[in-house]
Every structure is written in C-alpha cells, then in structure tokens.
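Okay, so here's the structure we're looking at.
The values are calculated or read from the model by the stated rules, or taken from the named source; none is laboratory data. Everything quoted here is computed from the prediction, not taken from an experiment. All Cβ positions, even for glycine, are placed from backbone atoms using ideal geometry, and neighbour counts span all protein chains on display.
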Amino acid sequence: MRIRILIVCLFFATGVAYTQAIDGIEKNNVYQGFSGGMMFHTGYMFGQDKNAPTAPDGSIASPQGALYGIGGALRVHLWKHFRTGFEGFVSTLPSGMSDCGNILQKGSYIRTGCGGLLADCCWRMDKAWPYIGGVIGGGAMRGLYILDGDENSWTKDANSTFHKQSFFYVTPYVGCDYCLTKKVHITFRLDWMLAIHKNELCMPTGPRLYFGFMFCH
C-alpha cells in the first residue's frame with residue numbers, strides 16, 4: 001500500500017511541477033501539449049518462477065493466474081503524432097487468485113514494481129485517439145511463498161520463502177483514448193511486459209489490460 005501511495009504522490013508532484021515549467025511556453029509545430037493520469041490494470045500471468053520453492057507434494061509453488069495493479073503515466077506531445085514521457089506501475093498476483101492457491105497459503109504473492117521511459121505514435125481523430133508504442137525501464141519482482149501457516153498467524157512459519165530480483169524490461173503496447181472532453185480522456189491499453197534478469201525472461205509473464213483517465217493540457 002505504501003508503494004502505491006508513493007507512486008500516486010510522485011506522479012501528482014511531477015505533474016504539478018511540469019505544468020508550472022511549461023506554462024509560459026507557447027505551443028508551436030513541435031510542442032503540442034501534454035497529458036497524464038492514473039490507470040488500473042488486470043491481466044493473466046503464466047509460466048513457472050524457477051525461484052519458487054517446492055511444495056511437500058513435489059510440485060512447484062509458483063503462482064499463476066489473475067493479477068491487479070495501479071500506476072500512472074505522463075506524456076509530452078510532440079509534432080503531429082509523437083508522444084514521449086515516463087510511467088510507473090505496481091502489479092500484484094496473490095495466491096488466492098492463482099492456479100496454485102491450494103498449495104500456497106494466504107498472504108503469498110508475487111509483486112512487481114517497475115517504471116521507465118515510454119514513446120508512442122498517436123493518431124488524433126475526432127473522438128478516438130488510437131496509439132501504439134513501447135516502454136523501456138527497470139524494476140523489481142518480489143515473491144513471498146508461504147507453504148505453512150498464513151499471514152494472520154503469529155507463529156513462526158517453518159516453510160516459507162521470500163525472493164527479490166531486479167530486472168530490465170521492455171513493454172510493447174497498443175491502446176486507444178476516448179475523448180470525453182478536450183481535456184479529459186478515457187484510455188484503454190493492452191500490453192505485455194518482458195522482464196529480463198541475467199539474460200533470462202522472468203516468470204510468470206502475460207498480458208495486462210488497463211483502464212484509466214488521462215488529463216490533457
């Protein structure tokens with residue numbers, strides 16, 4: 001929760017500072033304004049985490065299934081179609097929503113925090129702004145695997161594992177803004193984050209679907 005609050009505060013502070021910095025700049029053929037906002041997302045993750053522990057029955061206790069998360073993005077609009085900026089997100093895959101929830105106990109999760117630079121091409125139509133682009137950046141994946149007990153117990157758990165690994169990632173995405181007004185857009189986005197650690201693809205991985213609001217200036 002503290003990470004999510006920090007991300008929200010960071011984007012709010014950055015947006016305010018950026019707005020103040022460009023208030024005196026007149027729009028020209030290069031600078032076309034900026035946009036920013038928050039997005040919620042869900043998705044489906046699959047593939048076994050090789051760092052996950054082995055359950056007593058011999059199976060790999062690696063969560064796979066539905067996730068949820070929140071984050072935001074800030075873009076500068078340049079020329080007619082180009083946009084660039086940065087974004088950050090936190091995603092959580094809890095054991096209760098995973099395919100191995102019967103192996104992992106309550107409180108187990110895989111949580112991913114990431115942020116990076118983005119760039120995309122956007123076509124500004126009347127009400128719809130379709131776009132395609134990608135992100136490059138870094139982050140960390142944290143996995144807590146509880147095989148005995150749960151998060152509500154005050155006893156020592158003899159069989160639990162915590163693992164953290166940093167990664168470099170690239171994320172291709174496609175999406176579309178729907179213009180409610182000139183300054184307020186609803187945005188939809190589909191992406192797939194490819195996280196790399198020591199030349200290997202981090203697991204689990206999968207597509208994510210976003211929904212949020214963008215405020216344009």
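Before moving on, here are some points about what is shown:
- If the condition is being polar (S, T, N, Q) and either modelled with pLDDT of 85 or more or assigned to a loop (DSSP other than H, G, I, E, B) (or both), then region 43-64 contributes GLN48, ASN51, SER59, SER62, GLN64.
- For region 70-96, a residue qualifies if it is closer than 27 Å to MET125 by Cβ and surrounded by fewer than 16 Cβ atoms within 10 Å (Cβ to Cβ), and the qualifying residues are TRP79, LYS80, HIS81, THR84.
- Qualifying residue in region 36-44 (condition: over 22 Å from SER166 (Cβ atoms), without any contact (Cβ under 8 Å) to a residue 60 or more places away in the chain and surrounded by fewer than 16 Cβ atoms within 10 Å (Cβ to Cβ)): no
- Flag if LEU67 is surrounded by 20 or more Cβ atoms within 10 Å (Cβ to Cβ) and part of a strand (DSSP E or B): yes
- Region 145-217 holds no strands (runs of 3 or more DSSP E) entirely within its bounds that carry 3 or more residues that are aliphatic (A, V, I, L, M), crowded, with 18+ Cβ neighbours inside 10 Å and modelled with pLDDT under 90.
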